[in-house]
Amino acid sequence: MITLEHVSKTYRLPDGQLEAVKDVSLHVEKGTVHGIIGASGAGKSTLLRMMNALELPDHGKITVIGRELTTLPEAELRKLRQSIGMIFQQFHLLNNRTVSGNVSVPLELAGAARRERAERVRECLRFVGLPDKAKQYPSALSGGQKQRVAIARALANRPDVLLCDEPTSALDPRTTAEILEVLMHIRDTLGVTIVIVTHEMEVVKSICDTVSVMENGKLSDTFRMQQRRGAA
Ligand code: ADP
Ligand code: ADP
């Protein structure tokens, strides 16, 4: 579902350059959860952002859902990104739109008709367990509820892939566990392929099928979490 081959990324800075990702190769199977763990500054977010071409690599090849990102024209990339949901540590909700309005954004961008939008928004809010919050504004919600709204928004266009950048780092342990439950439910019932960047070992232990350790721009190790699929 996601393949990286010898991917490198260097940022040009005013006073030189910074090699954020160095010769990374990685394969994530369809319908699995892959964790990328490592210290702050290791290059995890950069790697994740390259998986939906928010950043482009200087070298190497990235294939997502059968499309090679580095060769796609911008119009095609925009379309492909509709099949790739993304969530963030700080939720990134629009505070001047209601919960429904937020979940509706990707549907509007995709040109969905009003009726379909309303239906999908309802479906997605039901999926994340917030059917009664549609008319609320984000400021009225807890952190965990905000992340659920962000997840609903990421699911609106029925993505094949969900990219998560520190999705639980702003949440307390109990709320973290709830959000991880939602992500597992997405994998198990929708078959979505999930990549999670995190510095929290707990996240890796509880939901990842495979894990890569990132250190100083390189993947130092990739392994399978033994018990996961069998235990599910
Ligand atoms: P992580 O997610 O593991 O904390 P990042 O991918 O955010 O790591 O960052 C890796 C390195 O690249 C860091 O040194 C960071 O400061 C640098 N970096 C990240 N994004 C940019 C950018 N847009 N421009 C310049 N440097 C960046
Ligand atoms: P996160 O909450 O994901 O850790 P960061 O604070 O690492 O976010 O980065 C926020 C944004 O700033 C990202 O888009 C990243 O590309 C950019 N960024 C990070 N480090 C640098 C840097 N050294 N120079 C320029 N931009 C950076």
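The values are calculated or read from the model by the stated rules, or taken from the named source; none is laboratory data. Here the structure is a predicted model, which is why all the values come from computation and not from measurement. We place every Cβ from the backbone using ideal geometry, glycine too, and count neighbours over all the protein chains shown. Note: areas computed on protein heavy atoms with side chains; ligands, DNA, RNA excluded. Shrake-Rupley method; radii C 1.70, N 1.55, O 1.52, S 1.80 Å.
Among the residues making up the range 83-133, a single one is under 20 Å from L183 (Cα atoms), polar (S, T, N, Q) and open to solvent by 70 Å² or more (accessible area, probe 1.4 Å): Q90. Scanning the range 168-212 for residues that are in contact with a strand residue (DSSP E or B) (Cβ under 8 Å, 6 or more places away or on another chain) and either surrounded by fewer than 17 Cβ atoms within 10 Å (Cβ to Cβ) or of a type in the set (S, T, Y) (or both) gives T168, S169, M184, T193, T198, H199, M201, T210, S212.
A Cβ distance below 9 Å, combined with a sequence gap of six or more or placement on separate chains, defines the contacts here; from the range 45-58, residues that are basic (K, R) reach residues that are surrounded by fewer than 20 Cβ atoms within 10 Å (Cβ to Cβ) in the pairs R49/E55. T71 meets the conditions (1) open to solvent by 80 Å² or more (accessible area, probe 1.4 Å); (2) within 16 Å of ligand 2 (Cβ to nearest atom); (3) of a type in the set (S, T, N, Q) in every case but one. The failed one is (2).
Looking across the range 37-54 at every residue that is under 14 Å from the mean Cα position of the chain (by Cα) and within 8 Å of ligand 1 (Cβ to nearest atom), the one that is nearest to Q89 (Cα to Cα) is identified as S45. The residue that is nearest to ligand 2 (Cβ to nearest atom), counting only those in the range 6-64 that are open to solvent by 30 Å² or more (accessible area, probe 1.4 Å) and on the phi > 0 side of the Ramachandran plot, is G41.
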